[in-house]
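Working notes for the structure below.
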Amino acid sequence: MRPGGIEDDDWDEDNPFGDTVDFPVRDELDLHGLPPKLIPELVASYLEEARKRGFAIVRIVHGKGEGVQRAIVRKVLDRTPFVGEYEDAPADRGGWGATMVRIDE
């Protein structure tokens, strides 16, 4: 028996968590609680999917903290060719704890 009650025969070394879970893609991605090493791939994938779904503006919530997640997010934005402009969110939508991103077609 493996963690989570998974039988040894059903254990997949590439996916030790068992079945994958689909999350709905919305115009906001909240990164709170994620380790920084996962952020670049997640943000890049999210932006691709948001573009496919026709979102013109998305909000990426990275938190205020020390700015580590914010810096990682903005590096991804800088190297994504279909990202137009981005800026801190308005004060009522997170201020410098979130980034508003325009996605070009």
Condition check: over 11 Å from the mean Cα position of the chain (by Cα), surrounded by 13 or more Cβ atoms within 10 Å (Cβ to Cβ) and under 14 Å from Val101 (Cα atoms). Does Ala56 satisfy that?
yes
Looking at (1) among the small types (Gly, Ala, Ser); (2) out of contact with any Asp or Glu (no Cβ under 7 Å at 6 or more places or on another chain); (3) modelled with pLDDT of 95 or more, which one does Gly95 not meet, given that it meets all the others?
(2)
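From the list Leu38, Leu77, Leu47, which one is on the phi < 0 side of the Ramachandran plot, exposed (fewer than 13 other Cβ atoms within 10 Å of the Cβ) and either in contact with a Pro (Cβ under 7 Å, 6 or more places away or on another chain) or not charged (D, E, K, R) (or both)? Write out each step before concluding.
On the way: Leu77 fails: exposed (fewer than 13 other Cβ atoms within 10 Å of the Cβ); Leu47 fails: exposed (fewer than 13 other Cβ atoms within 10 Å of the Cβ).
Within the list Leu38, Leu77, Leu47, the selection yields Leu38.
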Just the residues that are at pLDDT 90 or above, surrounded by 11 or more Cβ atoms within 10 Å (Cβ to Cβ) and of a type outside the set (D, E, K, R), please, taken from segment 10-33.
Leu29, Leu31
Counting only residues in segment 28-62 that are among the charged types (D, E, K, R) and assigned to a strand (DSSP E or B), the one nearest to Leu77 (Cα to Cα) is identified as Arg59
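The values are calculated or read from the model by the stated rules, or taken from the named source; none is laboratory data. Here the structure is a predicted model, which is why all the values come from computation and not from measurement. Neighbour counts are summed over all protein chains in view; Cβ atoms, including those assigned to glycine, are modelled from backbone coordinates with ideal geometry.
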